[in-house]
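The values are calculated or read from the model by the stated rules, or taken from the named source; none is laboratory data. Computed from a predicted model, the values in this text were never measured in an experiment. Note: ideal-geometry Cβ built from the backbone for every residue, glycine included; neighbour counts use all protein chains shown. These accessible areas exclude ligands, DNA and RNA; they are computed on the full protein's heavy atoms, side chains included. Shrake-Rupley method; radii C 1.70, N 1.55, O 1.52, S 1.80 Å.
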Amino acid sequence: QVQLVESGGGSVQAGGSLRLSCAASGINYNARNMAWYRQNPGNQREWVATIFSGGTTYANSVKERFTISRDNAKSTVYLQMNRVRLEDTAVYYCTIPGTNYWGKGTLVTVSS
């Protein structure tokens, strides 16, 4: 059974940093691309970043502030969030692109 479990969310002041983690199990993790999405109440879920064998890609809204990385030994993907903004407030989800596998999300709240 595939499981994705996010952690690391919480409250942070604007300009601060936070690191999210997503632990995967039940899959051949090392062979998979991984991605982060986020969703604000009332908004559609939006793509944030993807890590694949050839590198990484980011949404323009987070480029040069967020970094996606992975530790294959731990079957974990990370999202380092720096210089956060109020608009980064959302529930953050990890997923395996092209599948229906999603975690339950972790809430990030940015305050002024």
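When Ala59 is tested against the conditions (1) closer than 17 Å to Trp102 by Cα; (2) free of Cβ contacts under 8 Å to residues at least 24 places away in the same chain; (3) of a type outside the set (D, E, K, R), the lone failure is (1). Each residue in region 101-112 was checked for being of a type outside the set (D, E, K, R), open to solvent by 60 Å² or more (accessible area, probe 1.4 Å) and outside any strand (DSSP E or B), and 2 pass. Residues of region 76-100 that are charged (D, E, K, R), under 18 Å from Asn43 (Cβ atoms) and in a loop (DSSP other than H, G, I, E, B): Arg85 alone. A residue that is out of contact with any Asp or Glu (no Cβ under 6 Å at 6 or more places or on another chain), at pLDDT below 95, open to solvent by less than 10 Å² (accessible area, probe 1.4 Å) and under 18 Å from Val5 (Cβ atoms) occurs somewhere in region 23-32. Somewhere in region 78-93, is a residue surrounded by fewer than 16 Cβ atoms within 10 Å (Cβ to Cβ) and within 12 Å of the chain's Cα centre (by Cα)? Yes, because at least one residue in region 78-93 is surrounded by fewer than 16 Cβ atoms within 10 Å (Cβ to Cβ) and within 12 Å of the chain's Cα centre (by Cα).
Which residue pairs have Cβ atoms under 7 Å apart, sit 6 or more places apart or on different chains, and have a first residue in region 1-14 that is in contact (Cβ under 8 Å) with a residue 60 or more places away in the chain and over 13 Å from Thr99 (Cβ atoms) and a second that is open to solvent by 60 Å² or more (accessible area, probe 1.4 Å) and among the hydrophobic types (A, V, I, L, M, F, W, C)? Within 7 Å, the pairs are Gly9/Leu107; Ala14/Leu86.
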